[in-house]
Every structure is written in C-alpha cells, then in structure tokens.
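A short worksheet on the structure shown next.
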Amino acid sequence: MTTTAPGYTFDATLDRSPVTMDQLAELEASVLWSDDDREALRRAGEILVPQTEQILDVWYGFVGGNAHLVAAFAGADGQPSGEYLGAVRERFGLWIRDVCERDHDQQWLDYQNEVALRHHTSKKNATDEVDSPAGYVPLAHLIALIVPITVTIRPFLANGEPDAAAVDAMYQAWFKAVTLTVALWAHPYAPDTW
C-alpha cells in the first residue's frame, strides 16, 4: 500500500475544523472511547493495514453491488467513473491506516473536517475534478455505511489474531472509531444543530 495518494492532504495546511477539541472529547465519551481502545486499534492496524487491498475489494464489491451507492462515483455521463473510483480507493486505503494509527489531535480533527466537506455539497467532486451529477453523498448513506464498514472487518482481524477476546477488543475499538469519524463527517450537513 502507498503512503500517499492523489488528493490525500492529511499533512497539508487545512482549514481549522469547526468542531473543537472539547466537542471531540465529548464525542469520544459518547462512543465510550478509552485508552484501551487506542491500544486495541493500534494492534488492529498491524493486522489490517497489510490486508488493505483485500478489505477494499470487499467494500468496493458492496458499493458496486448497490446502484444507489455507486452513483456517488458517476462521471459526467452518469456512469461509474473508474478513474474516480480508483482515486477514492487509494485514499480509502489510507483512511484504514489513519483510523488505526493516528492520534485524535487537532491535525486529525482538521482532516476529518476536510473529508466531511468532500462528501458534502461544499467540496464533493472537487478533489478529483470530476464532473459528476452526484453533488453529495447523502448523510443517511454515510451513517448507514457504518454497518458494512464495521461488520466486514472482523474476519480480517481474525486473520491475524487467534485470541477471540483480542479480536473482540479490536473490533469494538474499530466500531467506536468508525462511528466517531462519521459523527464528525456529519457536521457540514447540519452545522447549526450538529
């Protein structure tokens, strides 16, 4: 797996997230985030990152099998754009690594805001300069995708860890981290009531 991808701007100077560090701490409390979760997620990264391509195959198979989801990757002709799907796939692979390895600091929070805007009408399609009729990813789909992004990860964790209790701890940490991320990505959809 690469460590950079077109449009991956984690280390760039980004606009400051409208979500404060105090609000992030509240969200972490709401998802029951703990130091043990941080440790379990780091271990999960050691197992998941080497399997990134296989994980993405499962996720892209799911998205590709659902017309309402793959529509977000349409080109100007309304058909799925292989180039667009490929560019997002590279960043999605780095997202797996980031979920597992990055600290929840200001830089991470700012990048979550950037990713949120890329799903919203604010910046959808701009990063890859796509002329897509899909002007945003519906918030309902972002939230609903927590389920497949979570339930499909357990077998990959089990591939690298024989201890069922350790797999469960990593799985729970992954679930919390994905939910936290999507909660942050929801901000631009309803900033006044978020």
When the chain is modelled as a GNM with alpha-carbon springs shorter than 10 Å, which of 57, 128, 163 fluctuates the most?
-> 163
Which value in nm describes the separation of the simple spin-label points at residue 126 and residue 32, placed 7 Å from the Cα toward the beta carbon?
-> 3.8
Roughly speaking, what is the stretch gain from residue 154 to residue 68, that is 0.36 nm per residue apart minus the C-alpha to C-alpha distance, in nm to one decimal?
-> 28.4 nm
The chain - convex hull of alpha carbons, volume per residue in Å³ | 112
Expected max-MSF residue from 29, 116, 44 in the GNM of the chain (alpha carbon, under 10 Å) is 29
The chain: most fluctuating residue of 30, 17, 132 per GNM, C-alpha cutoff 10 Å = 30
Please report the relative contact order for region 115-194, taking Cα pairs under 8 Å with a sequence separation of at least 6, and give it as a percent rounded to a whole number.
-> 35
Using Cα pairs under 8 angstrom and six or more residues apart, how large is the relative contact order of the chain, in percent?
-> 33
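Select from the chain the helices, each a whole stretch of DSSP H, whose alpha-carbon atoms run 27 Å or more along the helix axis and whose Kyte-Doolittle mean is at least 0.0; answer none if there are none.
164-185
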Summing -39500 (n - 2.57) over every DSSP H run of at least 4 in the chain, dividing by its residue total and rounding to the nearest 500, the 222 nm mean residue ellipticity is -18500 deg cm²/dmol
Residue separation between residue 143 and residue 21 times 0.36 nm, minus their alpha-carbon distance, gives in nm 41.7 nm
For region 1-95, what is the relative contact order in percent, using Cα pairs closer than 8 Å and at least 6 residues apart in sequence?
-> 46
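With N residues in region 16-126, what two-decimal value do you get for its Cα radius of gyration over 2.2 N^0.38 Å?
1.22
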Cα centroid of region 125-140 to Cα centroid of region 15-91, whole Å | 16
Gyration tensor (Cα) of region 79-178, equivalent ellipsoid semi-axes in angstrom = 28, 16, 13
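Just so you know, all these numbers are worked out from the coordinates, no wet-lab data involved. As the structure is a prediction and not an experimental result, all values here were calculated from the model. Ideal geometry is used to build each Cβ from the backbone, glycine not excepted, and the neighbour counts take in all protein chains shown.
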